[in-house]
Amino acid sequence: MSRRLAYDGVVAAMPVTVPYARYSTHAAHWWLGRALAALIRESGIAKADIDGVCVSSFTLGPDTAVGLMQHLGMSPRWLDHIPMGGASGVVALRRAARAVQAGDAEVIACIAGDTNHVDSFRHTVSQFSRFAQDAVYPYGAGGPNASFALLTDHYMRQYGATREDFGKLCVAQRDNALRNPHALMRKPLTLAQYLDARPITDPIHLFDCVMPCAGAEGFLVMTEERARALKLPGVRIRSTIERHNAYPDDPIQFRGGWAMDRDALYEHAGVSPADVDFIETYDDYPVINMLQFEDLGFCAKGEAPAFVREHGFTIDGSFPFNTSGGQLSVGQAGAAGGYLGLVQALRQLTNAAGAMQVADARIGLVSGFGMINYDRGLCSGAALLERGTA
Amino acid sequence: MTDAAPKPKRKNPVARTRLPTLPPASRSRAALGLARAAAEGRFEMQACADCGAVQYPPREVCGSCLSERLDWREVANGGALIATTTLRHSNDAYFRERLPWRVGTVKMDAGPSAVAHVHEDCQEASRVRLALKLDRSGQAVLHALPAEDTPNMNDSPQLRETHCDPKHRRVLVTDGRSTLGRAMVKASLDAGAATVFVGDPATWKADAGFDAFVASDPRIEPVALDVTDTDSVDRLAASIGAKVEILINTADHLRDGGVMHARDVGLARDAFDVNVLGLMRLAQAFGPTMCFRAADGTHGAVAWVNLLSIHALAALPARGAWSASKAAALSAALTLRAEFGGAGIRVMNVFPGPIDDEWEQLTPPPKLAPSAVAAAVVRGLRDGVEDLYVGDVAEELRARLRDNHKAVERELGG
């Protein structure tokens, strides 16, 4: 295999969040437009100087990124539409970084957002994919809750994870969310409350589920030089990976594509798991966090329950994790959920995390996971990010 | 262990009747291959003709070697239940009304993993049998069943959603004077039907045998019904229409005679009046009420059975007019299936070979005993199939039709 190029000279900058709302009467275009406006306003870049755009959204239909450009009056020379759900942020970052590095675009706005009408979620779930429509939705129409319940049931049976283990992660995330002004969940959560919550699809209970909402996230990718000129603190990309439909012969998902690519990730980045100061995982359900701890090399397969029992996961804990509160406590704004961890990592590495700041954070790991096309999440990605010097 | 389904309680006449809803029905065209197998109670999966890989969910090209030569093949239905969940929430109105609902992941012996409805008697992490069943929307779904039969397993509420079991239901057999009609009544009673309304097309004609038959079981209720008389059909529907949960149309007018050498169309008109227009009269009179009652309690209206003939599919020139009426009845039944579909009522078409009764005296054996046809119909209702081929003659003709329908035309005509 040829040696991969480093992401030299490129940075990600300017994390923005359009504050989430449980329900919105606006269209996805509104949320994506607000994200782009925030990027422009806060970076001081002229709208016309953004010559690349990368879009992710579930509710933009019938439009794609193309229609959105006319809607927003943009004329980019580079445009991408990434329909990868929870992996969208990492994938957008790596696509944009290479485009900037190659000179195909100078400043790329990466935006993800979705609206949430009262009936949006049912609509999205019932038409999510062909395999889901043929072979999952007719089986009780439980949506992602049911799919993840099956993975969780299998994982608990196989590796001895308990509800207390999942609860510890959820409680820590809620603790982190209490410091996040954008989080929709504002009340503290105790382990007892977690355990006593009503069952949704066994073994998934209420606090294992994310709350669908409306919202948008965004960031910019540009050369280090450009960021310096704009006086924008930049974040360097040490390495990234993505993988789709990993391990198709596994009878049920107990690992994700990270396990295939993590060695390449750390080698390319020149860091090891021990160097990581905080991690932002894709947390649509707690079991997926455990898969990421294992598959990204923080512990061996099946040892995540023990790992969870050993560590603290709050911002000041021994393993700072999902420092925004994650989707479980902030809310899941559709495709923006795939940006949440990345945008939060950019905040951490540019000292913009406020009360959520992890002390001395230098290296952050962001991981994405998306698209239960049939019985498992198909897209996985991860990025190792480093505080910039500018 | 499954509890035996209790006898339904008397309906509260002022309570709002539960209206029928359907499980999600949208499927890709490739996935409808499952419906073809489920319609006849077979277990088939898509398999690659080139590399042999079994595919699930169904695909357009082989997920292994990318060949487009995908066939449907009977495969082993065993598997291992590797994960389960009980839904206490659903995004869909049909399931919402039927929670909790158990589903799981089955690693099939044939290869792929499948999400399936899971029977309450399946132990966690155990061996299971998979069955393809038609759900209330008429679409094929996988049900994981315990590896060995368990007591009352067919009474499990989830499985009952795919079945049309006569047990505790009220059945109308439209013509109880025929040999087949009587056999159908008896089989329904044996299956635990609560009441069997027995149509009598000739109340003016004394028949001591028939009288003794209707007196033989207190659950039999004789009713006047002449399917060629719109008033008679309407009167009966007005009287018992809201009580019929399964309608079995046994009315038939079988006479010898072709098309060209008949002196007039009198025989053909009579056959069509009973077999085609009779079916339509019954549908117009009983159908709408059955649709309304499709989700009424635990034993709502559930099935409409048409006793057709294998000659609905392949004309028998010696009985050309009758064959034409059966073919027309099949066509009408397919429309009826579409019309009942919105309520989730199953239309089961039965294609028997020749039946050993007074109208088939000269037909050489093998002929089906009327009781065998009736037993097959009850089995078909319990299995929830929608196309039922009964007997060796029917099975053979069907295979020959699939193989070369032009050969069948020539051979039946010869």
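The values are calculated or read from the model by the stated rules, or taken from the named source; none is laboratory data. In this text, all values refer to a predicted model and were calculated from it rather than measured experimentally. So basically every Cβ, Gly included, is an ideal-geometry build from the backbone, and we count neighbours across all protein chains shown.
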Any idea which of A:Gln173, A:Gln127, A:Gln193, A:Gln158 is modelled with pLDDT under 95 and either polar (S, T, N, Q) or in the same structural domain as A:Ser57 (by TED's automatic domain parsing) (or both)? A:Gln127
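Results for (1) of a type in the set (S, T, N, Q); (2) surrounded by 24 or more Cβ atoms within 10 Å (Cβ to Cβ); (3) within 10 Å of another protein chain (Cβ to nearest Cβ); (4) within 16 Å of A:Gly337 (Cα to Cα), shown as yes or no for each residue.
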position	(1), (2), (3), (4)
A:Leu72	no, no, no, no
A:Ala92	no, yes, no, yes
A:Arg95	no, no, no, no
A:Phe128	no, no, no, no
A:Asp153	no, yes, yes, no
Inspect segment B:80-92 for any residue being of a type outside the set (Gly, Ala, Ser) and within 25 Å of the chain's Cα centre (by Cα) and give the result as yes or no. no
In segment B:194-216, which residues are over 18 Å from B:Leu180 (Cβ atoms), within 27 Å of the chain's Cα centre (by Cα) and in a loop (DSSP other than H, G, I, E, B)? B:Ala194
Scan segment B:109-119 and tell me whether some residue there is outside any helix (DSSP H, G or I), touching a residue at least 60 places away in the same chain (Cβ under 8 Å), outside the structural domain of B:Arg379 (by TED's automatic domain parsing) and among the aliphatic types (A, V, I, L, M). yes
Kindly indicate whether any position in segment A:252-260 is surrounded by fewer than 22 Cβ atoms within 10 Å (Cβ to Cβ), closer than 26 Å to A:Pro83 by Cα and not assigned by TED's automatic domain parsing to the domain that holds A:Tyr159. no
Determine, yes or no, whether A:Phe131 is over 22 Å from B:Glu124 (Cα atoms) and either in a helix (DSSP H, G or I) or touching a Lys or Arg at 6+ places or on another chain (Cβ under 8 Å) (or both). yes
Just to verify a result, which residue in segment A:316-347, among those that are β-branched (Val, Ile, Thr) and closer than 19 Å to A:Gly370 by Cβ, is surrounded by the most Cβ atoms within 10 Å (Cβ to Cβ)? A:Val330
Any hit, segment A:138-147, residues being in contact (Cβ under 8 Å) with a residue 40 or more places away in the chain and more than 9 Å from chain B (Cβ to nearest Cβ): yes
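Results for (1) away from chain B (no Cβ under 14 Å); (2) among the hydrophobic types (A, V, I, L, M, F, W, C); (3) more than 18 Å from A:Cys110 (Cα to Cα); (4) without any contact (Cβ under 8 Å) to a residue 60 or more places away in the chain, shown as yes or no for each residue.
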site: A:Ala216; (1), (2), (3), (4): yes, yes, no, no
site: A:Phe219; (1), (2), (3), (4): yes, yes, no, no
site: A:Glu225; (1), (2), (3), (4): yes, no, yes, no
site: A:Leu232; (1), (2), (3), (4): yes, yes, no, no
site: A:Arg236; (1), (2), (3), (4): yes, no, no, no
site: A:Arg243; (1), (2), (3), (4): yes, no, yes, no
site: A:Trp258; (1), (2), (3), (4): yes, yes, yes, no
site: A:Arg262; (1), (2), (3), (4): yes, no, yes, no
site: A:Leu265; (1), (2), (3), (4): yes, yes, yes, no
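Residue-by-condition table, conditions (1) within 23 Å of the chain's Cα centre (by Cα); (2) assigned to a helix (DSSP H, G or I); (3) free of Cβ contacts under 8 Å to residues at least 24 places away in the same chain; (4) more than 22 Å from A:Gln344 (Cα to Cα):
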| site | (1), (2), (3), (4) |
| --- | --- |
| A:Arg4 | no, no, no, yes |
| A:Tyr7 | yes, no, no, no |
| A:Ala12 | yes, no, no, no |
| A:Val91 | yes, yes, no, no |
| A:Ile108 | yes, no, no, no |
| A:Ile111 | yes, no, no, no |
Looking only at segment B:128-151, count how many residues are assigned to a strand (DSSP E or B) and within 13 Å of chain A (Cβ to nearest Cβ). 9
Can you list the helices (runs of 4 or more DSSP H) lying wholly within segment B:254-346 that have 2 or more residues being touching a Leu at 6+ places or on another chain (Cβ under 9 Å), under 22 Å from B:Ser232 (Cα atoms) and touching a residue at least 24 places away in the same chain (Cβ under 8 Å)? B:278-292, B:320-341
Looking only at segment B:117-127, and only at residues there that are crowded, with 21+ Cβ neighbours inside 10 Å and more than 7 Å from chain A (Cβ to nearest Cβ), the one that is nearest to B:Ser156 (Cα to Cα): B:His119
Can you pull out the strands (runs of 3 or more DSSP E) entirely within segment B:59-108 that have at least 3 residues that are facing chain A (nearest Cβ under 9 Å)? B:78-87, B:101-108
Any idea which residue in segment A:175-209 is farthest from A:Arg122 (Cα to Cα), counting only those that are within 14 Å of another protein chain (Cβ to nearest Cβ) and under 18 Å from the mean Cα position of the chain (by Cα)? A:Asp208
